[in-house]
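The values are calculated or read from the model by the stated rules, or taken from the named source; none is laboratory data. Owing to the predicted nature of the structure, the values given are computational and were not obtained by experimental measurement. With ideal geometry, Cβ positions are generated from the backbone for all residues, glycine too; neighbour counts draw on all protein chains shown. Each accessible area value is taken on the protein alone, full model and side chains, heavy atoms only, with ligands, DNA and RNA left out. Shrake-Rupley method; radii C 1.70, N 1.55, O 1.52, S 1.80 Å.
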Amino acid sequence: MTYKVRDEEISGHLYSKRQYKIEEGELLDILDIDLTTNDELLQEALAGKADVRLTEIVSTIQAEQNEIIRANLKSPIIVQGAAGSGKTTIALHRISYFLYTMGTDFPSEKLMILAPSKLFMEYIGDVLPELGVGRICQTTFAEYVLNATGLKLKLADPNEKLEMLTAESALNEETISIAKMKGTLQYREIMQKYVEKLELMTAELFEDVYIEKYRIMRATRLKKLFLEDFNYMPLEKRIERIRVIMQSEVNRKRKQLYKILSDKYEEALDKALYGIRDDEKRRLRITRIMDERDERLPSIEKEGKQKVASYMRKFKKFNCKKLYRDWLTDPQLHNELACHWSDSERDAFFAAHVSVAWETEDLAALYFLHAKLKGVEDKWKMRVVFIDEVQDYSEFQLAALQDGLETDMFTMVGDLAQGIHSYRALTSWEPVQEMFPRATYTTLQKSYRTTIEIMQLANKVLAQMDEDLPLVEPVVRHGREPEFYNLQELDASEVNDIYEAILGRGHRSLH
């Protein structure tokens, strides 16, 4: 190995690596270690009763985890990690490493952590400041969408919906089908068609711009600016850019027109003054020219100053909430945008949206519409995103974030085996890899949280799942065989007895 000291490169061979355990200035232990999971300090940390806060296990970061933390910071990464493999630890330390490495050129306010719940945000809230990254935007997907769009929506509780869906019924099957469909990229294509429809409707509003009888700008040029030159921008921002161009053009042409007409009237006055011999005729002619001039020139000046404002009144601001509600309830829009749906699918969809109710599944479409029609404000235009428990996101949610933020700098960690809302979330990493073609995909199979006995049982469960998931490799740490308690009904006293018995064996926490 080699290392540099004061610009001098030192080379040598590393024969051993040691860890020193020192407390209050006293050397307690010296351990010879390697970079494998047989790390004795790691074993001690796992077996002990240490606080679970993430900053206190930084010393247990392993080689495979360290590679992910220090992976190319300018490329997206996807991590499939088993329960207890340190996914969250990796994500948070990757954030710290990112700002340590690129912090001089990168404001931490442009980095966002999307957490699965407010409870989880409280959990990491104490950790981030200690890692030096306290100004990062920490939020849930739902909160971020509502903040970024400014929409006032009362969302249905997804946990209540999840409980309702556990009961088997035909109605629940339809609900699950609709929720799953709203998370697909096919639903995104429908929303994209909707945006294109609104784009063409807006383009048809452009007409030739006149001051008096003189054409200032052609409609064809304005449509080209809107549909082609500025097609990379959200619709409202295109209109604003065209308004600025039109204002500049009108101002320039108004001044030209004013000068041309002023010169024309001056020339007419000269001809009347020197070309008409009859005094009365000359007087009448000069009076008529001056009256016309004094009325027409101020009128042109006034019309020119008001032209852009009056012309642009036809372009209304988009109401994304209303537009999306129209889509949910308008059969004509469905026939136009989702003509491939069957009658039964369409009927079920309309029946589900008779009453006004906003679900988590609607947020991706609302955010997408907002991004395409209005644009995401700079305050909410994050440049780097870290997502924990990404398996509970839908394909459309991830795609919508990409569309709105215009970046693929995502660090996504999750475990398909731990999906809570699998009826509407990811069931495979393949579509995510297709969305993020630059991303590296890594699996973490070692679990540092539980014993061999628990993981052997968990692997038997994993083997029965539809997803093709790698089996978990536990760190060599033994414990009691898992025990099962069959309760016919929830008996609080019996559960408390089990809880007390577990604590009685010396455990400090229970999940």
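Assorted remarks:
- The single condition among (1) assigned to a helix (DSSP H, G or I); (2) open to solvent by 70 Å² or more (accessible area, probe 1.4 Å); (3) under 26 Å from GLY150 (Cα atoms) that ASP270 does not meet is (3).
- Subset of segment 231-242 [open to solvent by 80 Å² or more (accessible area, probe 1.4 Å) and assigned to a helix (DSSP H, G or I)]: LYS237, GLU240, ARG241
- Residue tally, condition surrounded by 11 or more Cβ atoms within 10 Å (Cβ to Cβ), modelled with pLDDT under 70 and not in a loop (DSSP other than H, G, I, E, B), over segment 29-46: 9
- Output for segment 72-85, where each listed residue is more than 10 Å from THR443 (Cα to Cα) and either open to solvent by less than 20 Å² (accessible area, probe 1.4 Å) or within 22 Å of the chain's Cα centre (by Cα) (or both): ASN72, LEU73, LYS74, SER75, PRO76, ILE77, GLY84
- Selection from segment 278-305 of residues that are polar (S, T, N, Q) and closer than 17 Å to TYR214 by Cα: SER299
- Candidate set from segment 386-436 (those that are acidic (Asp, Glu) and over 21 Å from SER85 (Cα atoms)); member that is surrounded by the most Cβ atoms within 10 Å (Cβ to Cβ): GLU395
- Residue count, segment 443-462 (criterion: more than 21 Å from GLU483 (Cβ to Cβ) and surrounded by fewer than 17 Cβ atoms within 10 Å (Cβ to Cβ)): 2
- Every listed requirement among (1) free of Cβ contacts under 8 Å to residues at least 12 places away in the same chain; (2) within 30 Å of TYR194 (Cα to Cα); (3) not basic (Lys, Arg) is met by ASP291 save one, (2).
- Residue ranges of helices (runs of 4 or more DSSP H) in segment 166-227 with at least 2 members more than 30 Å from ILE239 (Cβ to Cβ) and touching a Ser or Thr at 6+ places or on another chain (Cβ under 7 Å): none
- Only residues that are open to solvent by 100 Å² or more (accessible area, probe 1.4 Å), in contact with a strand residue (DSSP E or B) (Cβ under 7 Å, 6 or more places away or on another chain) and hydroxyl-bearing (Ser, Thr, Tyr) were counted across segment 10-28, and they come to 1.
- Contact map, segment 454-482: first residue β-branched (Val, Ile, Thr), second residue part of a loop (DSSP other than H, G, I, E, B) and modelled with pLDDT of 75 or more, Cβ cut-off under 6 Å, separation 6 or more or different chains; pairs are ILE454/PRO482; VAL472/ALA82; VAL472/GLN445.
- In segment 62-70, the count of residues that are of a type in the set (Gly, Ala, Ser), in a helix (DSSP H, G or I) and surrounded by fewer than 23 Cβ atoms within 10 Å (Cβ to Cβ) is one or more.
- Residue match in segment 246-253 (condition: charged (D, E, K, R), at pLDDT below 90 and open to solvent by 60 Å² or more (accessible area, probe 1.4 Å)): no
- Within segment 343-359, the residues that satisfy the criterion of being among the charged types (D, E, K, R) and either under 28 Å from the mean Cα position of the chain (by Cα) or open to solvent by 50 Å² or more (accessible area, probe 1.4 Å) (or both) are ASP343, GLU345, ASP347, GLU359.
- Remark: pairs (first residue in segment 488-511, closer than 19 Å to THR450 by Cα; second residue modelled with pLDDT of 75 or more and surrounded by 10 or more Cβ atoms within 10 Å (Cβ to Cβ); Cβ separation under 6 Å; 6+ apart in sequence or on different chains) = LEU510/ILE502.
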